[in-house]
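First up is the structure itself, then whatever we jot down about it.
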Amino acid sequence: MTPSERQFERDRYRRRRTLTRGAVAAVSTLVVIGLLVYVVGSSPGWDRVHRTYFWWPDAKSAFPEVARSFWLNIRLFMVVEVFVLVVGVVVAIIRVVPAPALAPIKLLAVLYADVFRGTPTLLIVLLVGFGVPALNLTGMPTSLFWLGVVALTLSYGAYVAEVIRAGILSIHPTQWASGRALGMTYGQTMRHVVLPQALRRVAPPLLNDFVSLQKDTALLSTIGLVESLRAAQVISGKDFIFTPYVVAAAFFIAATVPLARFTDYLTVRSLRRENGLIT
């Protein structure tokens, strides 16, 4: 079927509007960036700030050591992410299961979420990093790496558990009824019907938590792990320069931005799906 002339005119209008919006966005962005560069670059103290924080020779000399140490941040993030997901799913399910016999465990789950969400992550890192080894308990980890993993898992597991619980509670009751009508048990309905939908619904806030987790691996420098921030601190203290801190920050930004953009993509996709624009 050949489109009508009105349809052609409508398509031309949409193309012109898209091009106009793109041009306005590009020009306004360039103007704002240009103004920022001018204001910062023409400030009286820019030369001193430039030599202190953005001096290229110092950045080149610090880059190899900070890059090697950043690999520890990546390993920490990958390991903690898995444990946080497991803890989050288990705690969330415990809190929504309508079983009176599980009341003591549900109470512990509530206490865990309340205490660890209300405690600063840095304090948890210090308590686990220095407190657990002091207990001299048999079988407890003494490696700083695994103590750091435990601390971040305890902290972020509480946040993620609440996000997943919110996702489970947002599923319409008819989904539960449909699963039970098909002969599934409560556990099978949770596993095959409710939980997959809940995880897909809360994927954007979960990724936001993981972006924050990626940055908070730097907190483990306080218990002695030589990750990228600690490496930058060592170089800064030895040579009395601050550019290594900026190099470390650049590594975190480079690792965080792709995950943040992926989160934006999932958010937009979720909104379009809810509005029936995609299937």
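Tell me whether segment 95-109 contains one or more residues that are among the β-branched types (Val, Ile, Thr), open to solvent by less than 50 Å² (accessible area, probe 1.4 Å), part of a helix (DSSP H, G or I) and over 30 Å from Thr189 (Cα atoms).
No, there is no match, as no residue in segment 95-109 is among the β-branched types (Val, Ile, Thr), open to solvent by less than 50 Å² (accessible area, probe 1.4 Å), part of a helix (DSSP H, G or I) and over 30 Å from Thr189 (Cα atoms).
Pro120 fulfils the conditions (1) surrounded by 13 or more Cβ atoms within 10 Å (Cβ to Cβ); (2) within 20 Å of the chain's Cα centre (by Cα) except for a single criterion, (1). Scanning segment 162-182 for residues that are within 15 Å of Val97 (Cα to Cα) and of a type in the set (Ser, Thr, Tyr) gives a single hit, Ser170. Filtering segment 152-162 to residues that are out of contact with any Lys or Arg (no Cβ under 6 Å at 6 or more places or on another chain), closer than 18 Å to Leu107 by Cα and hydrophobic (A, V, I, L, M, F, W, C) leaves Leu154, Val160, Ala161. Being open to solvent by less than 40 Å² (accessible area, probe 1.4 Å) and at pLDDT below 90 is not true of Ala67.
The values are calculated or read from the model by the stated rules, or taken from the named source; none is laboratory data. Nothing here was measured: the structure is a model prediction, and the numbers come from that model. FYI the Cβ positions are ideal-geometry reconstructions off the backbone, even for glycines, and counts take in every protein chain you see. The accessibility values were calculated without ligands, DNA or RNA, using every heavy atom of the protein model including side chains. Shrake-Rupley method; radii C 1.70, N 1.55, O 1.52, S 1.80 Å.
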